Each structure stands twice: as structure tokens, then as C-alpha cells.
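Input: a single structure, listed below in C-alpha cells.
The values are calculated or read from the model by the stated rules, or taken from the named source; none is laboratory data. These numbers were taken from a predicted model, which means no experiment stands behind them. Cβ coordinates were reconstructed from backbone atoms using ideal geometry, including for glycine residues, and neighbour counts include every protein chain displayed. Each accessible area value is taken on the protein alone, full model and side chains, heavy atoms only, with ligands, DNA and RNA left out. Shrake-Rupley method; radii C 1.70, N 1.55, O 1.52, S 1.80 Å.
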Amino acid sequence: MRTPVIAGNWKMYKTAREAGETIRLLCDLVADVSGVEIVVCPPFTALPAAVEAARGSRVAVGAQDCHWEKAGAFTGEVAVPMIAELGASHVIVGHSERRQYFGETDATVDKKVEAVLAAGLCPIACVGETLKEREAGQTLAVLERQVRDGLARHLGTRALVVAYEPVWAIGTGKTATPAQAQEVHAFLRKLTAKLAGQPVADGLRILYGGSVKPDTISALMAEPDVDGGLVGGASLDAASFAKICFCARAQKQ
Ligand code: 13P
């Protein structure tokens, strides 16, 4: 039995004050949601306020990116020990927006996941194909490359969570159908079994991300290999994110 994870990626939204307010509301709303891990990932500047607001609640806090070195001359970057010291427990790695706009590659994903695990935190590692790749019939080949080059070494680590985010579904309102998500999730689990063994594959949480909303999460999570969601826009509002957490629990009970 895999415990579902619902993670909110706030991207470049919310100041520290706004983050604290939203998380306080969220904590009240999800106080009764058991059996689901709930994570909120605000911008770096809001991490201390988010951790403070979430203290003693069911909500964990994560960062959206990190550098792979522990320290060094890397202007503007943030190291994992800095994130850990603030009390965050998760780090999103390899988001398609990082790959598209900031030069993230499978090789840097591999190094970042290693750094997150070394600090005892949980990486939420993102993979996903672009629309062009899907239309060219390359979806599974792209995912296989992203897993082999970025994640293969780390698959056996229980803390690792994988998120499948088709790039064409992010922020477009165009969710993958439950069948499309299941096809890819099943493929990722099979590939994991091949690379790291069946027990690792059976325990790996694979989240779906891309226009997840309160009214689409249930059908997605009804699929056997969908273990949760990585939610962008719909996680910014406490009520809508809480609703997604409730639906996720109902679906996997
Ligand atoms: P949306 O839910 O806004 O499509 O964003 C998805 C995402 O990128 C989560 O990481």
C-alpha cells in the first residue's frame, strides 16, 4: 500500500506573509485528512513563514529547487543544507519550467536528487514530455531517458517521489486523461522494476501533475498507478487545495 502524496507547487507566487496566511487556513481545513501526505512548496523567501505556519499540523513544507553543492561560489543559488535547516522536508527537482527556462538537464537532476537525499530530505523529481515529443510518438522514449539519466541511481531510495508532468498539461487547463496518465505511470513503474527490482517499483510513489483541479483529481487517482498529485494553480487557494487532499484520501481508502 502506497501512501498518497498531494504536493502544491506555488511557483513564483506569494510573499512570506501571504504564504503564512494560506498555510494557516490550509492547516485548519486538512486537520482531519489522514492517510495522505500533504506538502506545500512556496518560494524560498517564504519557507521560514511556511514552516512556522505549518508547525504541529499535517502539512509538510518543501522547496522548489536547490543547488547540488553544499556551499560554494554560485551567486543566487540555494544549497540543500540551507533548506533543511529551515525545517523544510521536501525539494522539487527537475521541474519542466527549470528544464525549459533555466538549463536544467537530466545530469543536473541526478546531482540535485543526490544532494537532497544526502541531506535526509525527500526529492520530488519531475519528468514529462513536451507536446512536440508526444505528437512525434516519443513520449515513452523521452521518459525512459529522463529516468535512466536523472533518477536511475536513486530509485532504490524510499524517500524519492517521482512526478509525471506532461509539459503540455501544465498551466493549460488541459489535464491528461486518466488513461493517458495511467499508461505513463504504469510504464514508469515497469521501468523502475527493470532498473531497481519489483519491490522498489511497488513502493515508489508516482504523482501526476498538470492542471490538476478538485474536479479532476478523483478520476486520476482512481487509476492504479497514480499515487497522488503535484498541483500548481489549484494549490494557491487553501480551499481548493484542501478539496484535492480530501478527494485523494477518498479515492485510495
Ligand atoms: P498547474 O497545476 O498549474 O497546471 O501546474 C502544474 C505544475 O507544474 C506543478 O508542478
Among what's in region 71-103 and is part of a loop (DSSP other than H, G, I, E, B) and within 13 Å of the ligand (Cβ to nearest atom), pick the residue that is nearest to Pro123 (Cα to Cα).
Gly94
Kindly state which strands (runs of 3 or more DSSP E) lie completely within region 3-69 and contain at least 2 residues that are without any contact (Cβ under 8 Å) to a residue 40 or more places away in the chain and closer than 23 Å to Arg249 by Cα.
59-63
By my count, strands (runs of 3 or more DSSP E) wholly in region 160-253 with at least 3 residues that are more than 27 Å from Arg148 (Cβ to Cβ) and among the hydroxyl-bearing types (Ser, Thr, Tyr) are none
Check Val231 against each of (1) over 15 Å from the mean Cα position of the chain (by Cα); (2) within 16 Å of the ligand (Cβ to nearest atom) and name the one condition it does not meet.
(1)
Looking at region 84-91, is at least one residue in contact with a helix residue (DSSP H, G or I) (Cβ under 6 Å, 6 or more places away or on another chain) and crowded, with 21+ Cβ neighbours inside 10 Å?
yes
Residues being open to solvent by 40 Å² or more (accessible area, probe 1.4 Å) and either charged (D, E, K, R) or more than 15 Å from Ala250 (Cα to Cα) (or both) - total across region 216-229
1
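Conditions (1) within 23 Å of Pro4 (Cα to Cα); (2) loosely packed, with under 14 Cβ neighbours inside 10 Å, marked per residue:
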| position | (1), (2) |
| --- | --- |
| Cys41 | yes, no |
| Ala46 | no, no |
| Val51 | yes, no |
| Ala54 | yes, no |
| Arg58 | yes, no |
| Val61 | yes, no |
| Ala73 | no, yes |
| Glu77 | no, no |
| Val80 | no, no |
Being of a type in the set (Asp, Glu) and touching a strand residue (DSSP E or B) at 6+ places or on another chain (Cβ under 6 Å) narrows it down to one residue among Glu165, Glu144, Glu97; which is it?
Glu165
Considering each of Lys213, Lys190, Lys194 in turn, give the residue that is open to solvent by 50 Å² or more (accessible area, probe 1.4 Å), among the basic types (Lys, Arg) and either within 16 Å of the ligand (Cβ to nearest atom) or touching a residue at least 60 places away in the same chain (Cβ under 8 Å) (or both).
Lys213
If I filter region 129-149 for residues that are closer than 17 Å to Asp65 by Cα and in a loop (DSSP other than H, G, I, E, B), do I get at least one hit?
no
Would you tally the residues in region 126-181 being crowded, with 20+ Cβ neighbours inside 10 Å and among the hydroxyl-bearing types (Ser, Thr, Tyr)?
2
